[in-house]
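Everything below concerns the one structure shown next.
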Amino acid sequence: MAETAALENSKKTRMARQSPASLLRAAFESGSIAGVVELNELAFLTMVGVRVDPNTEAGTRISSVTGGLPARSGDVYANGETAVLWLGPAEFLVVAPSEAHESLGGDLIQALRAALSDGEGQVVDLSANRTTFELTGPRARAVLEKGCSLDLHPRVLKTGSALSTEIGNIPAILWKTGDETYRIFPRASFADFLGRWLLDAMREYGSPEVP
């Protein structure tokens, strides 16, 4: 009985939520050019901010939950569908599927808090703080190069790397998840602006004159 009620509450939660870029969904679909460059919002991913010294007992306990912690700038530690992005020597962003969130019955956040216990550090639910854009296709890099402060050449930004940067003057985390695929994490309050900026940067590639 309790399990049925929990499932119903989970379903209602899913239906009630509106993602930060939900109003741009149709524009993302119409503005994407299949096989060239495509833009989507990956809404409601679970994101947890973790501050802990990896060289402490608390850091070891946190690492046991995530499977590991990245060691240096740009590094990402992936464990199945959960990834940990390096933000600083003792600061990390844990990214997991939406189902990992406690509002949908997941236990990731509780597990991280329990692992930190009374150790020095912090575990904060940041799922509502950011959204996730996925930009993919052979022109994805060219779109980002119009307004990203990083050197995006594959010799510099390697697949699997994630760095804090600015895109269109908007602070964001950029994670290169594949040769032609990027995930972009802007704060929710900037999602609409950055989404529109990306659409505008993509527009020229919809022209039949572009090879």
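The values are calculated or read from the model by the stated rules, or taken from the named source; none is laboratory data. Predicted, not measured: the structure shown is a model, and the values here were computed from it. For neighbour counting, all protein chains shown are included, and Cβ atoms are generated from backbone atoms with ideal geometry for every residue, glycine included.
Looking only at the range 70-82, filter to residues that are under 18 Å from the mean Cα position of the chain (by Cα) and over 19 Å from Q110 (Cβ atoms); which one of those is surrounded by the fewest Cβ atoms within 10 Å (Cβ to Cβ)?
Among those that are under 18 Å from the mean Cα position of the chain (by Cα) and over 19 Å from Q110 (Cβ atoms), it is S73.
Go through P171, P154 for me and flag whichever is surrounded by fewer than 19 Cβ atoms within 10 Å (Cβ to Cβ) and either among the hydroxyl-bearing types (S, T, Y) or in a loop (DSSP other than H, G, I, E, B) (or both).
Details: P171 fails: either among the hydroxyl-bearing types (S, T, Y) or in a loop (DSSP other than H, G, I, E, B) (or both).
Exactly one of P171, P154 is surrounded by fewer than 19 Cβ atoms within 10 Å (Cβ to Cβ) and either among the hydroxyl-bearing types (S, T, Y) or in a loop (DSSP other than H, G, I, E, B) (or both), namely P154.
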Of everything in the range 28-52, what is of a type in the set (A, V, I, L, M, F, W, C) and closer than 15 Å to I173 by Cβ? Give them in sequence order.
L42, L45, M47, V48, V50
For the range 103-123, how many residues are in a helix (DSSP H, G or I), under 13 Å from T46 (Cα atoms) and without any contact (Cβ under 8 Å) to a residue 12 or more places away in the chain?
1
Is one or more of the residues making up the range 155-163 over 22 Å from V84 (Cβ atoms) and in contact with a helix residue (DSSP H, G or I) (Cβ under 8 Å, 6 or more places away or on another chain)?
no
Qualifying positions in the range 189-211 - surrounded by 15 or more Cβ atoms within 10 Å (Cβ to Cβ) and either among the aliphatic types (A, V, I, L, M) or modelled with pLDDT of 95 or more (or both)
F190, A191, D192, L194, G195, R196, W197, L198, L199, A201, M202
Please specify each residue of the range 143-178 satisfying the condition of being without any contact (Cβ under 8 Å) to a residue 12 or more places away in the chain and either assigned by TED's automatic domain parsing to the domain that holds L69 or within 20 Å of R196 (Cα to Cα) (or both).
E145
